[in-house]
1. Does T542 qualify as being under 30 Å from D435 (Cβ atoms), out of contact with any Leu (no Cβ under 7 Å at 6 or more places or on another chain) and surrounded by fewer than 13 Cβ atoms within 10 Å (Cβ to Cβ)?
2. It is to be established whether one or more residues within segment 241-248 are among the basic types (K, R), open to solvent by 60 Å² or more (accessible area, probe 1.4 Å) and at negative phi.
3. Among the residues of segment 74-130, which ones are within 43 Å of the chain's Cα centre (by Cα), acidic (D, E), within 21 Å of R38 (Cα to Cα) and assigned to a loop (DSSP other than H, G, I, E, B)?
4. Taking segment 311-353 on its own, how many of its residues are of a type in the set (S, T, Y) and crowded, with 18+ Cβ neighbours inside 10 Å?
5. Among the residues of segment 94-137, what is the count of those that are within 27 Å of F404 (Cβ to Cβ), at pLDDT 90 or above, open to solvent by less than 20 Å² (accessible area, probe 1.4 Å) and aliphatic (A, V, I, L, M)?
6. Being under 26 Å from the mean Cα position of the chain (by Cα) and closer than 30 Å to F402 by Cβ: is that true of I454 here?
7. Would you kindly identify the strands (runs of 3 or more DSSP E) lying entirely within segment 343-458 that contain at least 1 residues that are at pLDDT 85 or above, of a type outside the set (F, W, Y) and within 30 Å of G10 (Cβ to Cβ)?
8. Please go through segment 582-601 and give me each residue that is within 23 Å of K545 (Cα to Cα) and open to solvent by less than 70 Å² (accessible area, probe 1.4 Å), ordered by number.
Amino acid sequence: MLTIYKASAGSGKTFTLTYNYIKLLLGHKDERGRYTLRKSPGAVHRSILAVTFTNKATDEMKRRIIHELAVLGEVEPGWTGKSPYRNSLMEELHCDGEALKVAARTSLLHLLFDFNFFQVSTIDSFFQVILRTFAREAELTGNYEVDLENDRAMEAGVKSLFDSLKEERESPENARMIDWLTEFLLNELKEGHGVALFNRRSGAFSQLLDFVRRTDTEEFKRRYDDMMEYLSSSALIEKFRAQLAAAPERHKAMTSKACREALATIESRGYDGGKLKVSATVTKLLANGAINGYDTAKSEGKTLDSVLGDSSSAYNAALKKQLADNPDDRLDLDIARAFSLLKEGRVYRPLWLSLSRQLYTLGMLRAIYHHIDSFRAENNSFLLSDTNSILKEIIGEGDTPFVFERLGVWLNHFLIDEFQDTSRMQWEIMKPLVDQGQATDSDSLIIGDEKQCIYRFRSSDPTLLQYQVIGEFGEKATVKGNMEEENTNWRSSFHVVTFNNSLFRTLAQKLDLGEVYSNVCQQVAPKHSEHKGYVLARQITTENKEDFTEHALDGMVSEIKRQLRSGYRGNEIAVLVRSRSDGVEVIGRLSGLIGTDPDFKGLRVVSDDAMSLASAPSVRLIISVLNYLRSLDEPEATGDGSEAGKRRRLAEIKRMINR
């Protein structure tokens, strides 16, 4: 059975993971699905894999499992209390305390003396183990290196492409690349950007590199072969470019014609003035559309959506009343068609323009990736982000027993933590392994909370947890934690839990997120029923950001003083901020109070990010001066020696000094 546990914040996720690991380690499941205590635990840990998301979580879970086994076995030095797992394990494994103690001691010894096979790891680490096992199939040598950062290979790929164009200008492929580059540089010049391609600090080089970075997604890698096949055909790219160039003009002509027809209909009815008339805002939009072919306003007003939602909002009160009694379908239809095209233009024109700007780099993408592959081959390395796509190709839906045979272990049970941050490709690799365990009626656990999905930038897919995995496993899967009675917050006080319940229930309804937030409401843990807690939400309204920051800092200081005077210690108070720059502001204010305000005497402000060495003013000054001196030796970075070039150069110097 696969248990999908939707664990909201504070609901005991680590507790649940540890409990299930120990239950699988000590228990044996019979043909009726009933667990009993194993007579001989042996090397059961070799068949269990626990997957966490970070190295810190991995270390924490290993320590927790070993500690709880030691407490259950009554061999934890200095520990006299009973394990919180003891009673539940005795009930589920149908054993007494003495038998459980002996089994825990035995399993702990097996675990410690076979520690290399105590398999609690991050998903990336587990995938690296598989990849090294299948290095030959992946066409990697045994001593390959993993590039944790993609920038080095990507930057080398772009530079290598440019170098090859200088050295091999006559080849047909390079001639085509030079044509693309020429068009790209001409477009950059039109937009006023520098075009010193071979200088890595130039705008053109950076734009190409940024484009390649943006393609480094799981979605792109899933379609990599199709993309490379498409990009290898110059005819297809030219056809796409022609269609892309024609689309804005075609839509512009259609919009202009529709706006003229609408204006003509309005004029023919005499609704362009007098008591019965079409709104001046509507006729102005139509006149602008008739001339330009699209809505030229910088921002979209409410009129377009209002008229498209209710055609009568285009008319003044007198005309609206008349048309209510005697409808004019032709008038409504002409205005609606013109406004619909104006609305489409606001949506599609930016897309067409963006695609046109990126088309030059798209034409070079295949060549850049070719040079990236060459760089990796020469350096016997591959990008960490390529692991999933390589393994997907090797394992796929293939022979899972063969994978286990090559790994040297046979995994039956899988405990996957933070599943909401798992990507689709990672699950496609893990699923055949979990399927194999299900085929032998072995239990596994997936635990996560789609509300806490914060790794979208790494292609995480919360819909896997939300409904897909449940659909894939059907009757072999069961869901827990969805109901309020199964969802207790063991961490927070009474008022914090009730505040969150009220806030998120209301937000979910207002934002139509009921499905994702279906289990947002939690029960208060019995131990916190008398621990009321404190919540203060304050709205700050100011005319500018500086005043807002000042009011927010004053409010923060006032609250911290209240807490200190109430008896809280400094190490019990945390300040959360939205950005690093906000953190610097907070630290600056608090640091200034430590030496002047008696309430803050003896306190220290600690922050890894905002108080790093690189944030020190003296270090920033030295770096800025070094950047300025380096820029003196790179006049080509500005593109030319013209006045415009000098202005760009001065702007760059100012930017570096003010970092």
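1. Details: under 30 Å from D435 (Cβ atoms): no; out of contact with any Leu (no Cβ under 7 Å at 6 or more places or on another chain): yes; surrounded by fewer than 13 Cβ atoms within 10 Å (Cβ to Cβ): yes.
No, not satisfied.
2. Kept after step one, since they are among the basic types (K, R), are these residues of segment 241-248: 241.
From the residues that got through so far, the ones that are open to solvent by 60 Å² or more (accessible area, probe 1.4 Å) too are none.
No, segment 241-248 contains no residue that is among the basic types (K, R), open to solvent by 60 Å² or more (accessible area, probe 1.4 Å) and at negative phi.
3. Passing the criteria: only D114.
4. Of all residues in segment 311-353, those of a type in the set (S, T, Y) come to 311-313, 315, 340, 348.
When the remaining residues are screened for being crowded, with 18+ Cβ neighbours inside 10 Å, the result is 311, 315.
Residues meeting the conditions: 2.
5. The number of residues fulfilling the criteria is 4.
6. Numbers: under 26 Å from the mean Cα position of the chain (by Cα): yes; closer than 30 Å to F402 by Cβ: no.
No, not satisfied.
7. Numbers: elements: 381-383, 413-416, 444-448.
Result: 413-416, 444-448.
8. Kept after step one, since they are within 23 Å of K545 (Cα to Cα), are these residues of segment 582-601: 582-593.
D582, G583, V586, I587, G588, R589, L590, S591, G592, L593, listed by residue number.
The values are calculated or read from the model by the stated rules, or taken from the named source; none is laboratory data. Here the structure is a predicted model, which is why all the values come from computation and not from measurement. Don't worry about glycine lacking a Cβ; one is built from the backbone with ideal geometry, like all the others, and counts go over all protein chains shown. In case anyone asks, the SASA skips ligands and DNA or RNA and just uses the protein heavy atoms, side chains included. Shrake-Rupley method; radii C 1.70, N 1.55, O 1.52, S 1.80 Å.
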